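J.: For reference, the structure I am asking about is given below.
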Amino acid sequence: MEQQTIDRSAAAEFAADPKDSRKPDYLVLKDIVKDFVDGSGGIVRAVNSVSLSVSKGEFVTLLGPSGCGKTTTLRMIAGFESPNGGTIHLDGKDITQVPPFQRNMPMVFQSYALFPHLTIFDNIAYGLKLRGVSREEMRHDVAVASQMVNLVGLEKRYPGELSGGQQQRVALARALVLKPDIILFDEPLSNLDAKLRIQTRTEIKRVQQLLGITALYVTHDQSEALSLSDQIVIMNKGEIVQQGPPEEIYNEPKTPFVSDFIGNANFLDGEVVDVQNDKVTISVDRAKFVLPASRCPRDIASGEAVLLSVKPEAIRVTGSAGAGAELTGKIDVSAFVGPITEYKIVFGDGIITALQPNRPGKTHVHRSGEEVALEFEMESLRAYRA
Amino acid sequence: MSSQAIARARRRADFAQVLREPVVVITILAIFAMLALFIIYPIYAVFRLSLTQDGGFSTAVYQDLFSRVRYVRSITNSILLGTVVATLATIVGFVFAFAIYRGGIRFRGFFQTMAILPIISPPFMFALSVILLFGRNGLITARLLGLDTSGIYGLPGLVLVQTINLFPIAYLTLSGILQGIDPDVETCAMNLGASRFTVFRTITLPLAKPGILAAWLVVFVSSMTDFGNPIMIGGSFDVLSVQAYLEFTGMGNLPRGAALAVLLLIPTVMVYFLQKYIMGRGSYATITGKSSKRGKPNSSPALRALLTVFCLGITVIVVLFYGTIIVGSFVRLWGVDWSFTLRHFNYSWDVGLSTLRNTIFLALIATPITALMGTAIAFLVMRKRFPGRNAMSLLAMLSYAIPGTAIGIGYVLAFNVAPFRWSGTAFILVTAYVFRHVPIAVESGIAALKQISPEIEESSTNLGASSARTFQNVTLPLIKPAFFAGATFSFVRSMTAISAIIFLVSARWNHVTVLILAQTEIMRLGVASVMSFILILIIMAVIGIMMKLTGLKRDQVFSSGQ
């Protein structure tokens, strides 16, 4: 059983006023641009014309590979960087030029950034002290926040004496104790081990839902983004490439980049051989696939080259390659990883990845070098212009 | 937009952030004003005087200087001395560092202490020891060898004294470099088939090369700017720092003194920044991954024995120098009457007590100011973006490179006249201490800030603290060890200062080092020994107390003494 570490009764005290939840346009970024000058005097456009609207109480994730501008965007929202162009509004007020210490948007840092010379109590109380909160109120609020993230009993210790997971929770409590309307996360889980990462992920989601806080979360881990968010904003090279709810992003990636980044898709070179009504026929090697036009680029014509994407979990490896199998491949590497087996398969000119679920007693694990027949789930195929 | 336009826009935006915090703006302006008044203006005054004749611009002073053998020789002498001492001290420092961090010698803790001990000595103390040991009535020359010679005065004595005095600087630089080289790299080379000597020649030495060069340059500067040793045992071997002092104070030829100070200043400032550049560019020592950090000593038993003998030899000299001072304090008349006496202590008590009290008092006032100002500069330079940021760090470090002689002359020229008229005051001495030693605090502050993730301070800002509050609540507590290490060394330097101070002391506010020099000149060597001995005891006590109170380790304290 997973241990539940969020104290619900404590959380109730800090909960936001539910009446204006889901108020639209709570945090609005408009045409944000950020340029840096690199070491050799060249210009790097870190963030290019990013516009974004977050509703109150929403959990929004900025997702993208490193260097895509997601952290820079978050740091501009927190006020650590000034945009070269565009505006940031919070609850209708323009905060673009407000200094960081007047923004009241507590942030959970990747390194946690706990104050090593202060006790856990003083770390959590730090923001309250600056706000001139009375002693009793401070003690009460710190107690509630510690209880909420299950830190009771550790108040007198120093950050260096805590485990990574506990330090993470102190960072969270330090932000939550200010009863913020919005909270910023900068890859807060990347320093935790895999198991703790999943557990803490659940806790963050639970707290955010219980308190009704607006959350802006930066990560490069697609499973984190998918599991936490109400909205995912995918960024690449400083621009937003797609945004929407997790299921939409996952099932209907608009570009090969999103398809690759969020689903680790395989890409096959194909050619359109026939377009009829709303059916598009694409040939890959000897095989032919018929896709609904909705999953193909608009106005695609016969003879055009396309990229056909297929998710690893949508490829079935169906035993030995007998006669009549339409698609065949040869196992290059076979890796058994518990619940699934990951195959790298030589297919056509390239290598594709396929993930097969393992069921005890029912699964045959293919060995390297075996010829296998392949079946693609037609629903998961999408075509993009090459 | 062009990249310049973007860089400008960024600077504007950063500056706009700074402008929103009046405390930061005022601090920046105040620091600039003080650096301008107490570093730039005095140096300007030195240049101006050296380039003026009959009220107009003229290079006549320099032309006159270069036409006289005496002054030209003092230039070549200074360079010769610096070159010889820098080479010897770097070799000694490197052997010590290698023996301790790579050679696997025994009694490492003891040798570490011996290698840094000379750094806290007053700058002329070893010269006094050498006079006692090798002078006309020297224990070794006259008593043991029966020689009647003053041959130690001049280049040989200076080389001996400065090498022992300055090799710790090379040692500290090089031990840092050697510790930064991942032992795994050397182990790996050996694993690939390299012999011990090949590893040393192809791995260790190339990696340490920038450090060796930097160490050489720092020692060169220190040797050139040294005043205490050459004035005591320079004899007829004229060097620039002493010549400048003698012309300025003794002969009253102020323009010539100023010109000599300028000639001393130019090479030292150039070499200092060359060294900064080399250290900033050329250290590959730190770019390593996770290391086992447990290097096998790269030495054979024979080499270890050789290294031990070498280190022991240097240690014997250091101990001998200190021991001579202690013995000299209790001997009635060195070289003539060896009977035990306390009369030098009595005499010192009568003559020197008030001076000693004043010296400590002024150093105690200067120390916290120096440490706080240095830390504030380090914080601004490392964590704030404002126009003139580079200029501020350059200016703050500049006073490190400026010879004390030039500062002393500059302070006299700039502040003994209206509207200041600060000559003879305690204020001028404290100011000289603060601005001479602020680079120590800046350096240790910068080193400490490099170890602290900026995210910790950002997190304080993010939770609602202004820059001033963040500095006070987070930065200062976190760099406390560096703050106290910097403070300790500023104090030590203030207590042992002489080259600038000698121009600024007065009957009311004398300095104990100046008093020791005066006692040596009238051959009251016993009294000079007693005063040096007491000075050393005070310095050791202060360092000991500071280490006890702050939990600092020896290396942390002494690394700011470079």
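Where a number appears in this text, it was derived from the coordinates with a stated rule and is not lab data. The model shown is predicted, which means the values in this text are computed figures rather than measured ones. Cβ: placed from backbone, ideal geometry, glycine included. Neighbour counts: every protein chain shown.
J.: Whole angstrom only: what separates the Cα centroid of segment B:493-538 from the Cα centroid of segment A:244-306?
T.: When both Cα centres are located, 88 Å separates them.
J.: May I pose another question? What nm value, rounded to one decimal, do you get for the distance between B:Arg201 and B:Thr113 when each label is placed 7 Å out toward the C-beta?
T.: 3.9
J.: Still on this structure, I have one more. For the residues B:Thr204, B:Thr90, B:Thr149, what sequence is obtained by ranking on other C-beta atoms within 10 Å, fewest first? If you can, show how the numbers build up before the last one.
T.: Values: B:Thr204 20, B:Thr90 28, B:Thr149 13.
Fewest-to-most Cβ neighbours within 10 Å comes out as B:Thr149, B:Thr204, B:Thr90.
J.: What relative contact order, as a whole-number percentage, does chain A give when Cα pairs under 8 Å and 6 or more residues apart are counted?
T.: 16
J.: Kindly provide the helix-only [θ] at 222 nm of chain B, computed as the sum of -39,500 (n - 2.57) over DSSP H runs of four or more divided by all residues, to the nearest 500 deg cm²/dmol?
T.: -23000 deg cm²/dmol, from helical runs alone.
J.: Would you mind working out the magnitude of the charge dipole of segment B:343-425 relative to its Cα centre, with +1 at each Lys and Arg C-beta and -1 at each Asp and Glu C-beta, to the nearest 20 Debye?
T.: Rounded to the nearest 20 debye, it is 360 debye.
J.: Please work out the C-alpha center-to-center distance from segment B:117-181 to segment A:316-385 and express it in whole Å.
T.: Using only Cα atoms to place each centre, the spacing works out to 79 Å.
J.: Shifting gears a bit: Can you list the aspartates and glutamates whose alpha carbon sits under 16 Å from that of B:Lys480, skipping same-chain ones fewer than 8 residues off?
T.: The reachable aspartates and glutamates, counting only those whose Cα sits under 16 Å from B:Lys480, are B:Glu443, B:Glu457, B:Asp555.
J.: With the cut-off at 1.5 for a/c, could you classify segment B:1-152 from its C-alpha gyration tensor as rounded, prolate or oblate? Intermediate values should be presented prior to the final figure.
T.: Numbers: a/c = 2.77, a/b = 1.46, b/c = 1.90.
Oblate is the answer for segment B:1-152, as a/c is 1.5 or above yet b/c matches or exceeds a/b.
J.: I've got another one for you. Straight-line reach from A:Lys195: which aspartates and glutamates have Cα under 17 Å away, leaving out those fewer than 8 places along the same chain?
T.: A:Glu2, A:Glu187, A:Glu203, A:Asp221, A:Glu224
J.: Suppose we keep just the DSSP beta bridges with both residues in the protein assembly as shown; what percent of those would be antiparallel, to 5?
T.: 80
J.: Top mean-square fluctuation among A:Ala194, A:Ala113, A:Ala225, Gaussian network model of chain A, C-alpha springs under 10 Å?
T.: A:Ala194
J.: Turning to a different aspect of this structure: Dipole of the protein assembly as shown, Cα-centred, from +1 at each Lys and Arg C-beta and -1 at each Asp and Glu C-beta, to the nearest 20 debye?
T.: It works out to roughly 3080 debye.
J.: At a Förster radius of 45 Å, what calculated FRET efficiency corresponds to the Cβ-Cβ distance of B:Phe273 and B:Val319, to the nearest 0.05?
T.: Values: r = 36 Å, r/R0 = 0.81.
Plugging the Cβ-Cβ distance into 1/(1 + (r/R0)^6) gives 0.80.
J.: Could you tell me the center-to-center distance, by alpha carbons, between segment B:376-391 and segment B:1-47 in angstrom?
T.: So the separation of the two Cα centres works out to 8 Å.
J.: Can you give the relative contact order of segment A:264-385 as a percent, counting alpha carbon pairs under 8 Å and 6+ residues apart? Write down the numbers at each step before the final one.
T.: Values: 269 pairs, mean separation 36.6, N = 122.
Across segment A:264-385, relative contact order equals 30 percent.
J.: Does chain A classify as rounded, prolate or oblate by the C-alpha gyration tensor (a ≥ b ≥ c root eigenvalues; a/c under 1.5 gives rounded; else a/b over b/c gives prolate, otherwise oblate)?
T.: Because a/c hits 1.5 or more and a/b exceeds b/c, chain A counts as prolate.
J.: Could you tally the net charge around B:Leu81, taking each other residue with its Cβ under 13 Å from the Cβ of B:Leu81, Lys/Arg +1 and Asp/Glu -1? It would help to have the intermediate numbers written out before the result.
T.: Numbers: positive: B:Arg73; negative: B:Asp226, B:Asp238.
Net charge in that neighbourhood comes out at -1.
J.: Partner chain Cβ atoms within 10 Å, averaged over the residues of B:467-477 - can you pull that number for me?
T.: Working: counts 3, 0, 3, 2, 0, 0, 7, 6, 0, 1, 4.
If you average over the peptide's residues, the count of other-chain Cβ atoms is 2.
J.: For B:Asp182, B:Asp64, which order do you get if you count the other beta carbons within 10 Å of each Cβ and list the fewest first?
T.: Starting with the residue having the fewest Cβ neighbours, the order is B:Asp64, B:Asp182.
J.: Additional query: Which is farthest toward the positive dipole end of the protein assembly as shown among B:Val527, B:Val69, B:Thr341, measuring Cα position about the Cα centre, with Cβ charges +1 (Lys, Arg) and -1 (Asp, Glu)?
T.: B:Thr341
J.: Neighbouring Cβ atoms within 10 Å as the yardstick, rank B:Lys480, B:Lys384, A:Lys23, A:Lys156 fewest first. Could the numbers behind the result be given before it?
T.: Numbers: B:Lys480 16, B:Lys384 19, A:Lys23 13, A:Lys156 10.
Listing B:Lys480, B:Lys384, A:Lys23, A:Lys156 from fewest to most nearby Cβ atoms yields A:Lys156, A:Lys23, B:Lys480, B:Lys384.
J.: What is the mean number of Cβ atoms from other protein chains located within 10 Å of the Cβ atom of each residue in peptide A:171-184, rounded to a whole number?
T.: Working: counts 1, 0, 0, 3, 3, 0, 1, 2, 0, 0, 0, 0, 0, 1.
The shielding value for this peptide is 1.
J.: Let me ask you something else. Classify segment A:264-385 as rounded, prolate or oblate from the Cα gyration tensor: take a ≥ b ≥ c as the square roots of its eigenvalues, call it rounded if a/c is under 1.5, otherwise prolate when a/b beats b/c and oblate if not. Walk me through the numbers on the way to the answer.
T.: Details: a/c = 2.36, a/b = 2.03, b/c = 1.17.
Prolate, because a/c is 1.5 or more and a/b exceeds b/c.
J.: Could you check the spin-label model distance between A:Thr318 and B:Val185? Points 7 Å from the Cα along Cα→Cβ, value in nm.
T.: 5.8
J.: Using R₀ = 22 Å, calculate the FRET efficiency as 1/(1 + (r/R₀)^6) where r is the Cβ-Cβ separation of B:Arg20 and B:Lys450; round to 0.05.
T.: Working: r = 26 Å, r/R0 = 1.20.
Efficiency at R0 = 22 Å is approximately 0.25.
J.: A further question follows. What percent does the relative contact order of segment B:34-176 come to when contacts are Cα pairs within less than 8 Å and at least six residues apart? Walk me through the numbers before you get to the answer.
T.: Details: 117 pairs, mean separation 39.9, N = 143.
About 28 percent, as a whole number.
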